[in-house]
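Asker: Once you've had a glance at the structure underneath, I'll fire off some questions.
The values are calculated or read from the model by the stated rules, or taken from the named source; none is laboratory data. Please read all numbers here as calculations on a predicted model, not as lab measurements. Positions of Cβ are backbone-derived with ideal geometry, glycine not excepted, and every protein chain shown enters the neighbour counts. Surface accessibility is based on the protein's heavy atoms, side chains included, excluding ligands, DNA and RNA. Shrake-Rupley method; radii C 1.70, N 1.55, O 1.52, S 1.80 Å.
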Amino acid sequence: LKDLPDALLSIAGMMAAGTNLSLAMETMVAETDGPIGKELGLFLQEVRVGFSYEQALDNLYFRNPVVEIQLVVSAMKISREIGGSLADILRRLSETLRKKMEMEGKIKALTAQGKMQGVVMALLPFVIAYALFHIEEEAMSKLWIHPIGWGVCGFAVIMVSLGYYFIRKIVNIDV
């Protein structure tokens, strides 16, 4: 999936130079070792075997049900129906996908700190309880033997779990 923008840009460049879509895709498949090359190679094989262009595109999306592939499939179908410069469409789509992946990477990097804070805040009460148990064993042992202590421990676990859940919800940004 990371190679998709480069593959689209390569195909668009070859098409802008004058090659047709099939030859551009064959050349890209021959030069690419990654999964995107294999998937597009499978697409080309399906077209050669006799599948319609639209059916082969649908199969490509069925094998890889991600938004990026859906955009490529939709762009190719629309270009085939309406016409226009497929090379320009693929180049713009490549730029758009590259910017999207860059933005996702930035968001992932920025939210990593919040995720670690959630883990630390969830583990901190247990680490402190463990340290206090070794420092003041007699006072802390009441948490384990008395029913009120059990309730306090249960309440603490519930509250820590809720806090961790809400921190994860706040930090989890879906692009």
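Asker: Given (1) open to solvent by less than 80 Å² (accessible area, probe 1.4 Å); (2) closer than 30 Å to Ala56 by Cα, identify the lone condition not met by Thr111.
Answerer: The one condition Thr111 does not meet is (2).
Asker: Identify, please: which residue in region 59-100 is more than 18 Å from Met28 (Cα to Cα) and among the polar types (S, T, N, Q) and is, among those, least open to solvent (accessible area, probe 1.4 Å)?
Answerer: Applying the filter and picking the extreme gives Ser79.
Asker: Right, something else. Has region 165-174 got at least one residue that is open to solvent by less than 80 Å² (accessible area, probe 1.4 Å) and closer than 30 Å to Gly114 by Cα?
Answerer: yes
Asker: Another one. From the list Val120, Val49, which residue is open to solvent by 50 Å² or more (accessible area, probe 1.4 Å) and under 30 Å from Met140 (Cβ atoms)?
Answerer: Exactly one residue qualifies, and that residue is Val120.
Asker: Counting only residues that are in contact with a helix residue (DSSP H, G or I) (Cβ under 8 Å, 6 or more places away or on another chain) and small (Gly, Ala, Ser), which one in region 31-55 is nearest to Thr96 (Cα to Cα)?
Answerer: Across region 31-55, the extreme among qualifying residues is Gly37.
Asker: Could you check how many residues of region 68-124 are within 18 Å of the chain's Cα centre (by Cα) and either touching a residue at least 24 places away in the same chain (Cβ under 8 Å) or farther than 30 Å from Val160 by Cα (or both)?
Answerer: Result for region 68-124: 20.
Asker: Collect the residues in region 125-164 that are exposed (fewer than 11 other Cβ atoms within 10 Å of the Cβ), hydrophobic (A, V, I, L, M, F, W, C) and either farther than 17 Å from Gly114 by Cβ or in contact with a strand residue (DSSP E or B) (Cβ under 9 Å, 6 or more places away or on another chain) (or both), keeping them in residue-number order.
Answerer: If the condition is that a residue be exposed (fewer than 11 other Cβ atoms within 10 Å of the Cβ), hydrophobic (A, V, I, L, M, F, W, C) and either farther than 17 Å from Gly114 by Cβ or in contact with a strand residue (DSSP E or B) (Cβ under 9 Å, 6 or more places away or on another chain) (or both), then Val127, Ile128, Ile135, Ala139, Trp144, Ile145, Ile148, Phe155, Ile158 are the ones that fit.
Asker: If you don't mind, another one. Closer than 23 Å to Lys99 by Cβ and modelled with pLDDT under 90, is that true of Ala12?
Answerer: no
Asker: Among the listed residues Ala16, Ala24, Ala56, Ala7, identify the single one that is closer than 21 Å to Gly84 by Cβ, among the aliphatic types (A, V, I, L, M) and surrounded by fewer than 16 Cβ atoms within 10 Å (Cβ to Cβ).
Answerer: None of the other options fit; the residue is Ala16.
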